[in-house]
1. Using a 1.4 Å probe, what is the accessible area per residue for the protein assembly as shown, in Å²?
2. Could you order B:Asp57, B:Asp86 by accessible surface area, starting with the largest, using a probe radius of 1.4 Å?
3. Counting Lys +1, Arg +1, Asp -1, Glu -1, what net charge surrounds B:Lys78 among other residues with beta carbon under 15 Å of its beta carbon?
4. So how far, in whole Å, is the C-alpha centre of region B:25-40 from the one of region B:66-86?
5. Which value, in square angstrom to the nearest 100, describes the accessible area buried between chains B and A on both sides, using a 1.4 angstrom probe?
6. Quick check for me: using +1 on Lys/Arg Cβ and -1 on Asp/Glu Cβ, what's the dipole size of region A:4-113 about its Cα centre, in debye to the nearest 20?
7. List the GluC sites (Glu not before Pro) within region A:1-87 that DSSP assigns to loop and that have no more than 13 neighbouring Cβ atoms inside 10 Å.
8. Check the straight Cα-Cα distances from A:Lys67 and name the lysines below 23 Å, setting aside those fewer than 8 residues away within the same chain.
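The values are calculated or read from the model by the stated rules, or taken from the named source; none is laboratory data. Because the structure is a prediction, the values reported are computed rather than measured. Cβ atoms come from the backbone with ideal geometry, glycine included; neighbour counts cover every protein chain shown. Just the protein is used for accessible areas: all its heavy atoms, side chains included, with ligands, DNA and RNA removed. Shrake-Rupley method; radii C 1.70, N 1.55, O 1.52, S 1.80 Å.
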Amino acid sequence: QQPVQSPQAVILREGEDAVINCSSSKALYSVHWYRQKHGEAPVFLMILLKGGEQKGHEKISASFNEKKQQSSLYLTASQLSYSGTYFCGTEKNAGGTSYGKLTFGQGTILTVHP
Amino acid sequence: GAGVSQTPSNKVTEKGKYVELRCDPISGHTALYWYRQSLGQGPEFLIYFQGTGAADDSGLPNDRFFAVRPEGSVSTLKIQRTERGDSAVYLCASSLRGDSAGANVLTFGAGSRLTVL
């Protein structure tokens, strides 16, 4: 079952913040976040493993609530380079082993204007 | 190589023809994945190799699709009797090892865009 991302699209001015959510109906082992620009490869942002952790990468961070099977990606002080489509990819619980078989959400289109 | 390389970047073919798409993973990565991405959608899992063997091919839509990785490095996705519904971007990804008790980060290539007329 495909995870559900919200919102479907976000428009920001440079410097504004955004939150992208990802919800799954299945017990998850990990959540992966990728950003894809038009015609390019999806680029890895971060991975969160079950345990409710929060990770950060410059001004982009994420959290994973294992109990609720939800993850959120936080973009602070957005830059023009943040524009693109953000995908969450989920991996279901397989006894503590990751096989990289991800189920991706439909994506959230983020547009940052000057 | 430095990244995951896929060829061709674009392929236009006619309905019913046979197509091969090639993926060259990052050197040293033992796991290789094929995903398919339709317009406006997220990537969809097709098949995963650990070394030379297909560890999970549950995402292949039907028996027209087949993939090989004979020497544990380069992989070829083969599509027989192509249909218009096969049109999509076919993404390849690799990771250091496919079965990891921890983080398993996939690095994607730019994809091969297949158009079936």
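1. Numbers: 10900 Å² over 231 residues.
Ligands and nucleic acids excluded, the result is 47 Å² per residue.
2. B:Asp57, B:Asp86
3. On the way: positive: B:Lys11, B:Lys17, B:Arg22, B:Arg36, B:Arg64, B:Arg69, B:Arg81; negative: B:Glu20, B:Asp57, B:Asp63, B:Glu83, B:Asp86.
Neighbourhood net charge equals +2.
4. Each part's Cα centre sits 12 Å from the other's.
5. Numbers: alone 6260 and 6370 Å², together 10900 Å².
That pair of chains buries around 1700 Å² in total.
6. Details: 11 positive and 8 negative charges, 72 e Å.
The calculated dipole for region A:4-113 is roughly 340 debye.
7. Details: sites: A:Glu14, A:Glu16, A:Glu40, A:Glu53, A:Glu58, A:Glu66; in loops: A:Glu14, A:Glu16, A:Glu40, A:Glu53, A:Glu58, A:Glu66.
Here the GluC sites (Glu not before Pro) that fit, given the DSSP loop and packing criteria, are A:Glu14, A:Glu40, A:Glu53, A:Glu58.
8. A:Lys26, A:Lys50, A:Lys55, A:Lys92, A:Lys101
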